[in-house]
Structures are given as structure tokens and as C-alpha cells.
Amino acid sequence: MPELAAASTEPRDIDGWLAALRGVGYHAPRALATAVFLAMRLQRPLLLEGEPGVGKTELAKALARVLQRPLLRLQCYDGMEQREALYEWNHTAQLLHMRAAQNSATPEQIEREVYQERYLIRRPLLQALQTPPPGAVLLIDEVDRADEPFEAFLLEYLGEYQVSIPELGTIAAMAPPLTLLTSNRTRDLNDAVKRRCLYQWLDHPDRERELAIVRSQVPQASAALTEQIARFVERLRAQPFANAFQRAPGIAESVEWAKALVALDTLVLDPEVIQDTAGILFKQREDVAALLPMIDQLLEPDVA
Amino acid sequence: MQLGDARSGKLPDQITAFGRALRRAGVPVDSARIAGAISATQLVGLERRDDLQAALAAVLVSRPQDIEVFGELFAAFFRNPELEKQLLSQMLPKAPTAQPPARKARAQEALTVAGASAQRRAPGESELRLDAAMTASDLRRLRHADFAGLSASEFRLVETLARDIALPLPELPGRRQRPGPRGHRIHWGRALQQARRHEGELLAPPRRERRHQPLPLLVLVDVSGSMERYARLLLAFLHQATRGVPRSAFAFGTRLTDLRAAWKQADADAMLALANAAIADFAGGTRLGASLAELRERHARCLVGRRTMVLLISDGLDTGAPEQLDAELHWLRRHCRQVLWLNPLLRYAGYQPLAQGASVLHRHAHGMLAVHNLEHLQQLAQALAELLKS
């Protein structure tokens, strides 16, 4: 049933996905489109890992636009618990109800009334399960920031698309939400979580893809400037330069940089403007310092 | 030829064999994943090789470190379905162009088991290979630690000490909460359940307190020449004494060795055997700065949110550049909770950390403890406990 409802917006094959994602401004490599296609068809969650700024979160936004489904986002953090992720009872309302009904109802009646759905505060996971077909796109962002007990709590959801609430019973998905998990690998995720998911490692894009992304995100930049940006950033990430930095800039940084250069009315990259805007590419003092002596080398035209 | 196979129903067998080969190469693949891979193949089809590879990778791989081995095995499996023939041609010296034999040892081994019969048919070659392997391992043995398994008495000693001398590993109130009397917040769910029983009166609302969690521990053990005598029992003891604490362990000499896989073993002997195989610079020099740089570049995620306790066990006789050591320690200090330095070289009371490496370490470490004689494990254990308490 959900398949029928979604048929109008869901691309039918890998090429369709590539085109549809490009249509909303996300230039996916083919392997990623394949993983998305499989995640939709097999109804499995998709785990995205990769360096910060390679477009993990953006993919979820793009998918929500392609599928025209609501995007629900659960940002994970250390110590996150069920009541922030799944549901919480509205205790204040329950208490008020209890007080009001104290004189007119029996304790059993009160108890029945107090644990009703209207006293339930729905958090993203529950919202995703209760979104009517075609379902939602659920982004569980930076799972690695939550702790291990939280992963264990996710297992039931990821495997069966259902959750158990003691007072209400099991709540199954009306339509399986397309679920994306992202991780920056600040720690390894549990194997039990991983085996329930499809896995995709996102790498920094090659020059062509970077060029396409910057072009579509910052259309105001001139073609020559865009090309220079793509080449400069690609070289930064490649040997022998990459070793000098603690963290190479991601796509998000190159797009930001392109925007900044446009704002500064730059037509051609030169050492001075790079020096002035290095803080957009690198967020560590040591990295900015390491960049300065290399700028001339990085700006040299291609040898090949 | 592959297409023909697929239509006559051989594809599931092939995928299963591929999955099993991956498992032999150390990629965690279970039967559920293989089943998933088969249905993924049916969905994607076999028209494009790169699609098939991406689809299988999405289902079968779940760690970045497996991507490379997957690629190599995929290339081997789906290039030439007659695996045995290919393996055979690879082993024959006259056909070196069949495929660059630069595969990972793991992938090669996984393939070799699959084609064991092929190996048997080429006895001449296998003799040669064996020969080469022996030379290599002889060479390596010179450099490897000679960690014997623990003798029965040593084992008892390690066990007893780990049990008796409880290392006071520090704990912090975490963000998670549990019902408890000392908390500041009211446990509303439980309060309401109680109120239900008392006609809606909140008599003594139960509270939630913060749950305590142990701080993650990062153990860096010097295995250079000057620390040779201590390394083995030290590793065994720390491995046993820090059970149940989130921990990672590295050995360093001239380079950094990741011991986390070894430390996952519950058994001390198994841990020592794995550590033995992993450490290739035993009893060599010390380049602490370079080792710490490697830690920063490749394993920085062991340092969890500035909570990690770093336990550095070294004599501080560093042969690397003091500037590098200084910079790396400065970085380490900023990314962990405490750097504790246990120095076994301090054999007399008037010791001053004058050696270059030692003075740098002394400046950066939050705590330092001198131990006069580390040979007795008991003293070591007590010293550690003392250091952690300070």
C-alpha cells in the first residue's frame, strides 16, 4: 500500500535516483544512489559514515524533497534518553487531570484516562512511526554522539519499525519511514546496529562532482572561479598537502568559501584573498598556519 | 557467462560463496546479510558491474576498514568466475600479468582457503612460498616481543592483584539518570504511579539522580628497550585490572601499535599472544613524539570529549625531537582530562627529570609518579592506584 502511494514521486531505478537527487541540487555518486535505491526497496535503514562536511545530513534533506515526505530530525547527543527520542508523558497535564477528576471518578477510571494518547508527547521516533503513508524521512543525526545504551534502544526501531510503550503497547509504523543514520566515527557503532542497516561510506567528492555542487549551490560565482575553487580544494585534500592538516575541508566548507569569495567580489583566486578567507576552509589555528606557506604551490596550474 | 549463470540460478550460490570469503577475510558477514545481498542483487540486476559492487557493498560492508578488502575480493570473484583456475594462474610464475598480486594478505588468505584444492595441485610453488614465509617470520621474530604466555604462578599473581588492588578509576556523574534518593529532579513517571495509589496525592515524590559512569581510559605503554622487563606483566595486569571500563590501549616504541583488538580478548594469554604479533618494534628505541603524532592523526577518536584519562607508562628516555614531543603533548593535554605519567626509572629519591624527553613530559603531565622498582608487580599495582588517587 505505501508503495502505491509513493509511486508518483519515488524514482524507479538507480538512474532515476541520480536524476531526481540532481534535480533537488544533490549530486550523489552512483554508489550512494544505489544504496538509497536499495534502502527504499528493501525498507532498511541507511547508515552514512564519513568525514564531517561530505553531505550526510544534506542527503536526508534532499531525499525528503525528492520523495515529498516530511523530514524528521533527531539530533543525538551524549546522555540522550528515551524521553527525548521517543515519547514522554505530559506529567503536568496528567497531574491536573488527576486533581480535577479526584472527586468525581474512581481511581481506576482516572488511571485509564491519564494514560491516553492525548497525554503523550511525541518525539521524533514516534512521530516518524505515526506519519501516515507514504511515511516520513527520519534522520538520526550523529548517532556516535549518543552513548551505547541509546543504540540498544534503537534496535527494535531499526529492525522492526516499531516501539513498545509499556502503558500503550506496541506501536508499529503506519508506513516504514525512510531512516538515515549518520555518524562521524567519533567511536565505532555497535555491530548489532550496523547489521540492521545498509552502509555507505561517503568520501570527499572528486573534482567534477565538487564543481557541480559548487555550481548549483553558488550560481553567482563565475565559471572560472568555481573551477579554481574545485581544483584548489581537491589539491588540499590530496597528497602531499593533506598530511599537513588535521582536518581537510569538506564540501560544506568549499561551498561556504565560494559564497564568501562571491561576497568579496573575487574574480580570480590569488594568495592574498586566500589568506584572508582561510578561516572558512580551516577551523584550527594550526591548519591555517600550515596553509599559508603552501598557497603558491597549491595555485600552480596542473602539470598534466 | 555471468549472466547465464545468474539466470540458471547459480547466482545465490555465488553470492553466498562471496559472503563466506569475506567472512574469512575478517569482514563481519552473517547469513542475514548474505540473504540481504542476494535480494539486493535481484533488485539491482547484473547489467552494470559497478552497480552490483555498490549494492553488495551497501549490504555486506559496515566498517570503512573493510572497504578495501571488499573491493579486492569483489574484483577477484566477479572478474573470472572460475576461481580455482585464476588462483592457479596467479601462483604459476609464468603468468604474472594475470592480476597484480598486490592483494591484502587477508584477502589472499580468504581466497586461498576457497581454492585449497588448487594449492594442492601446485606443490612446487607452495614449497617455495613456504620458504619465503619462513625467512620473513624469522626476521620478524627478531623484532617481536617475546611474550610467553603467563606461567601458572604469574597468572595467579595477576589475577590476585587485579582483584585485591582495586584501581580507583575515577567516575563522573553522567548525563543519564536513574531513580535514587539523592537526586534533584523528580521522577515524574514514578511519582504519578504512586499518586495513583493515593488518590492523586503526591506524598513523597521519588527522585532521579545522575548515574555515575567511569571515565574512559587510554593506556600508552612504552615497549622500548629500557622498558623491556616490565612490558609483559604490565600489559597483563592492566588488561585484567581495567575490565569493565571503556578503555583503549596502545604500545609505542619507534612507532605506535594499536592493541585494542588484542585487549578485546577476555583471556590474558590470548591478549598477550595477539599483542606479541602486533608489536613489531619491541625493545627498540623510543620516539614518543612521533608515536603521539600517529595517535593524533589516526586514533584521535579514542579521546572521548575531553573525558579520557591518559595513562602513560614510560621512562621518558625519548630519542625523538623534543619540539615535536612538546607540541604533541600539548595537543594531548588539551584533548583529555588528565595525563598521568608513571615513570619506572626514578630509582633514587633525588631524581630530577633532566633528560630532554623527561623534562617535557614532566612539564605537561598532570601527575607523575616515581617507582623505584617495577619488577615486583605488586609495587606497580600499588603505584598505579596511588597515581590514580592523586
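Within region B:313-342, the set of residues being out of contact with any Asp or Glu (no Cβ under 8 Å at 6 or more places or on another chain) and hydrophobic (A, V, I, L, M, F, W, C) comprises B:L317, B:A321, B:A327, B:L329, B:W331, B:L332, B:C336, B:V339, B:L340, B:W341, B:L342.
Would a scan of region B:165-173 turn up a residue that is at pLDDT 70 or above, within 14 Å of chain A (Cβ to nearest Cβ), out of contact with any helix residue (DSSP H, G or I) (no Cβ under 8 Å at 6 or more places or on another chain) and closer than 30 Å to B:G253 by Cα? So far as region B:165-173 goes, no, none of its residues is at pLDDT 70 or above, within 14 Å of chain A (Cβ to nearest Cβ), out of contact with any helix residue (DSSP H, G or I) (no Cβ under 8 Å at 6 or more places or on another chain) and closer than 30 Å to B:G253 by Cα. Scanning region A:189-222 for residues that are part of a loop (DSSP other than H, G, I, E, B) and within 11 Å of chain B (Cβ to nearest Cβ) gives A:L189, A:N190, A:R195, A:R196, A:C197, A:D203.
Set side by side, the residues A:F241, A:F232 differ, and just one is at pLDDT below 85, out of contact with any Cys (no Cβ under 8 Å at 6 or more places or on another chain), open to solvent by less than 40 Å² (accessible area, probe 1.4 Å) and not small (G, A, S), which is A:F241. The number of residues in region A:136-152 being assigned to a loop (DSSP other than H, G, I, E, B) and closer than 10 Å to A:L72 by Cβ comes to 1. Determine whether region B:29-44 contains at least one residue that is more than 21 Å from A:F37 (Cα to Cα), in contact with a Gly (Cβ under 9 Å, 6 or more places away or on another chain), open to solvent by less than 40 Å² (accessible area, probe 1.4 Å) and at pLDDT below 90. Scanning region B:29-44 turns up at least one residue that is more than 21 Å from A:F37 (Cα to Cα), in contact with a Gly (Cβ under 9 Å, 6 or more places away or on another chain), open to solvent by less than 40 Å² (accessible area, probe 1.4 Å) and at pLDDT below 90. A:Q68 meets the conditions (1) at pLDDT 90 or above; (2) under 22 Å from B:V304 (Cβ atoms); (3) open to solvent by 40 Å² or more (accessible area, probe 1.4 Å); (4) not basic (K, R) in every case but one. The failed one is (2). Residues in region A:246-259 that are open to solvent by 20 Å² or more (accessible area, probe 1.4 Å), out of contact with any Leu (no Cβ under 7 Å at 6 or more places or on another chain) and of a type outside the set (K, R): 3 in all. Of everything in region A:278-292 that is over 27 Å from the mean Cα position of the chain (by Cα) and either β-branched (V, I, T) or over 14 Å from A:F232 (Cα atoms) (or both), the residue that is most open to solvent (accessible area, probe 1.4 Å) is A:R285.
For the residues A:L47, A:L74, A:L95, A:L18, the requirement of being in a helix (DSSP H, G or I) and within 22 Å of the chain's Cα centre (by Cα) singles out A:L18.
When the residues of region A:20-69 are narrowed to those that are basic (K, R) and over 18 Å from A:R207 (Cα atoms), which ends up nearest to the other protein chains (Cβ to nearest Cβ)? Across region A:20-69, the extreme among qualifying residues is A:R41.
Here is a yes/no grid of residues against (1) of a type in the set (D, E, K, R); (2) modelled with pLDDT of 85 or more:
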position	(1), (2)
B:V27	no, no
B:R49	yes, yes
B:V59	no, yes
B:G71	no, yes
B:E82	yes, no
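Give me the residue from region A:98-134 that is in a loop (DSSP other than H, G, I, E, B) and exposed (fewer than 14 other Cβ atoms within 10 Å of the Cβ) and, out of that set, farthest from the other protein chains (Cβ to nearest Cβ). Selected residue: A:P132. Being within 30 Å of B:R211 (Cβ to Cβ) and more than 14 Å from chain B (Cβ to nearest Cβ), is that true of even one residue in region A:74-85? Scanning region A:74-85, I find at least one residue that is within 30 Å of B:R211 (Cβ to Cβ) and more than 14 Å from chain B (Cβ to nearest Cβ), so the answer is yes.
If a residue must be out of contact with any helix residue (DSSP H, G or I) (no Cβ under 8 Å at 6 or more places or on another chain) and under 23 Å from A:L120 (Cβ atoms), how many such residues does region A:134-158 contain?
3
Can you name the residue in region B:304-324 that is among the β-branched types (V, I, T) and not in a strand (DSSP E or B) and, of all such residues, is farthest from the other protein chains (Cβ to nearest Cβ)? It comes out as B:T319.
Residue count for region A:252-304 under the criterion of being assigned to a helix (DSSP H, G or I) and in contact with a helix residue (DSSP H, G or I) (Cβ under 6 Å, 6 or more places away or on another chain): the result is 18.
Kindly evaluate A:T182 against the criterion of being open to solvent by 60 Å² or more (accessible area, probe 1.4 Å) and of a type in the set (V, I, T).
Details: open to solvent by 60 Å² or more (accessible area, probe 1.4 Å): no; of a type in the set (V, I, T): yes.
The answer is no for A:T182.
Consider region A:174-188. How many of its residues are assigned to a loop (DSSP other than H, G, I, E, B) and away from chain B (no Cβ under 13 Å)? The total comes to 4. If you go through region A:69-109 and keep only what is β-branched (V, I, T) and either at positive phi or in contact with a strand residue (DSSP E or B) (Cβ under 9 Å, 6 or more places away or on another chain) (or both), you end up with nothing.
The values are calculated or read from the model by the stated rules, or taken from the named source; none is laboratory data. For clarity, every value in this text was computed on a predicted model and none was experimentally measured. Please note: Cβ atoms are built from the backbone with ideal geometry, for glycine as well, and neighbour counts cover all protein chains shown. Please note that ligands, DNA and RNA were not included when accessible areas were found on the heavy atoms of the full protein model with its side chains. Shrake-Rupley method; radii C 1.70, N 1.55, O 1.52, S 1.80 Å.
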